[in-house]
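Step one of this worksheet: look at the structure below.
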Amino acid sequence: MVKQKIGGLHIQYFEVCPRKLWLYSKQISFETEHEKVIEGTLLHEQSYARKEKELQLDSAVIDVLDEEYVQETKLSSKMQKADELQLLYYLYLLKSRGIEKKGKIAYTKERKVVEVLLDEMNEKRIKQVIANIYTILEAENAPKLKKLPYCKNCAYYDFCYALEEE
Ligand code: SF4
């Protein structure tokens with residue numbers, strides 16, 4: 001079986017909710033424009049960043065800022081851990097192609113920038129995340145619903161909770 005290519009959203013969803021990752025991977029999509037804006041995916045198109053060029057690697061589009069850095073631009077740091085994992089994944093994809101970069105996440109609302117480095121520990125961490133993602137993607141059934149504070153903002157809310165009430 002050909003392995004599904006992992007993109008930035010797979011990493012984000014893994015961190016937010018494994019069930020959401022599984023549903024997304026099966027192309028069960030209820031994602032709204034609102035949610036996309038919340039998660040910053042539209043920012044990619046609208047970014048004010050001084051990006052030099054975009055690199056397409058597997059299913060990931062990476063903004064190369066300069067010789068040293070790649071950058072992600074997000075609205076707010078509400079999902080900072082997921083954002084960091086996503087950027088680590090990009091750094092890892094680049095490294096596996098012989099390109100070593102550091103990462104920056106620019107949060108537009110808070111006007112703050114966070115540096116992300118693919119050190120030894122983070123490389124182990126992202127490899128483990130990738131392995132865990134494939135375990136979820138290859139599972140026959142969706143992970144069980146786990147009620148999360150994030151659920152009420154999730155595009156799968158009606159889907160998940162309607163099934164719960166049956
Ligand atoms: S509604 Fe909650 S449980 Fe369902 S996919 Fe979204 S975050 Fe996960």
Going 7 Å from the Cα of Lys3 in the Cα-to-Cβ direction, what parts of the stretch 112-146 have a backbone nitrogen less than 16 Å from that spot?
124-139
What FRET efficiency, computed as 1/(1 + (r/R0)^6) with R0 = 22 Å and r the Cβ-Cβ distance, is obtained for Lys112 and Lys81, rounded to the nearest 0.05?
0.90
Above-threshold pairs, the threshold being 31 Å between Cα atoms, out of Lys74/Lys124; Lys53/Lys144; Lys102/Lys146; Lys53/Lys124; Lys101/Lys146
Lys53/Lys144; Lys102/Lys146; Lys101/Lys146
Theoretical gain in end-to-end length, Lys147 to Asp119 [0.36 nm per residue, Cα-Cα removed]
6.8 nm
Distance in nm between label sites at Lys102 and Gln128, each 7 Å beyond Cα in the beta-carbon direction?
2.5
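Read the figures in this text as sums done on the coordinates, not as results from a lab. Computed from a predicted model, the values in this text were never measured in an experiment. Counting neighbours? That spans all protein chains shown, and the Cβs are built from the backbone with ideal geometry, glycine included.
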